[in-house]
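J.: Sharing a structure, written as structure tokens. Questions coming.
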Amino acid sequence: MTQPAYTLFHRVAEPASARIRSRVVQLGLKPRIDFQNAETDGKDELARLGGSITPALWDGHELTVGESEVARKLTTLDPDPLPEREDGW
């Protein structure tokens, strides 16, 4: 299994973060996006990237911040293709 290419910084009780998490799953992007809680495990990393507002999406180069901006960015991503099966199906 490969490492997720993106990190979504979110807050569990925040409605905007909940909508973005749901959208990630609906779009089939969860295998590509690591969820990090900005109030616990992801707090220091989000601050290191210069952010504090959630939801925020890190693509390895740029931090996209805010619900509408993150939602827009998600529409540009393709879900991971299913791995090819050894039996050719």
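The values are calculated or read from the model by the stated rules, or taken from the named source; none is laboratory data. This one's a predicted model, so the numbers in the text were calculated from it and none came from an experiment. With ideal geometry, Cβ positions are generated from the backbone for all residues, glycine too; neighbour counts draw on all protein chains shown.
J.: What are the residue pairs meeting all of these: first residue in the stretch 44-62, first residue at positive phi, second residue at pLDDT below 95 and of a type outside the set (Asp, Glu), Cβ atoms under 9 Å, and 6 or more apart or on different chains?
T.: Gly60/Ala5
J.: For Trp89, all conditions in the list (1) of a type in the set (Phe, Trp, Tyr); (2) modelled with pLDDT under 95; (3) in contact with a strand residue (DSSP E or B) (Cβ under 6 Å, 6 or more places away or on another chain) hold save one; what is the number of the exception?
T.: (3)
J.: With respect to Thr76, determine if the residue is among the polar types (S, T, N, Q), at pLDDT 95 or above and under 14 Å from the mean Cα position of the chain (by Cα).
T.: Working: among the polar types (S, T, N, Q): yes; at pLDDT 95 or above: yes; under 14 Å from the mean Cα position of the chain (by Cα): yes.
In short, yes.
J.: For the stretch 1-11, which positions are in contact with a strand residue (DSSP E or B) (Cβ under 6 Å, 6 or more places away or on another chain) and aliphatic (A, V, I, L, M)?
T.: Within the stretch 1-11, just Leu8 meets the criteria.
J.: Residues Ala13, Ala38, Ala71: which one is among the aliphatic types (A, V, I, L, M) and out of contact with any helix residue (DSSP H, G or I) (no Cβ under 9 Å at 6 or more places or on another chain)?
T.: Numbers: Ala38 fails: out of contact with any helix residue (DSSP H, G or I) (no Cβ under 9 Å at 6 or more places or on another chain); Ala71 fails: out of contact with any helix residue (DSSP H, G or I) (no Cβ under 9 Å at 6 or more places or on another chain).
Of the residues listed, the single one that is among the aliphatic types (A, V, I, L, M) and out of contact with any helix residue (DSSP H, G or I) (no Cβ under 9 Å at 6 or more places or on another chain) is Ala13.
J.: Oh, and also: Looking only at the stretch 24-42, how many residues end up being part of a helix (DSSP H, G or I) and surrounded by fewer than 17 Cβ atoms within 10 Å (Cβ to Cβ)?
T.: Of the residues in the stretch 24-42, 4 are part of a helix (DSSP H, G or I) and surrounded by fewer than 17 Cβ atoms within 10 Å (Cβ to Cβ).
J.: Report the residue count in the stretch 43-70 for those that are surrounded by 14 or more Cβ atoms within 10 Å (Cβ to Cβ), over 14 Å from the mean Cα position of the chain (by Cα) and among the small types (Gly, Ala, Ser).
T.: Number of matching residues: 1.
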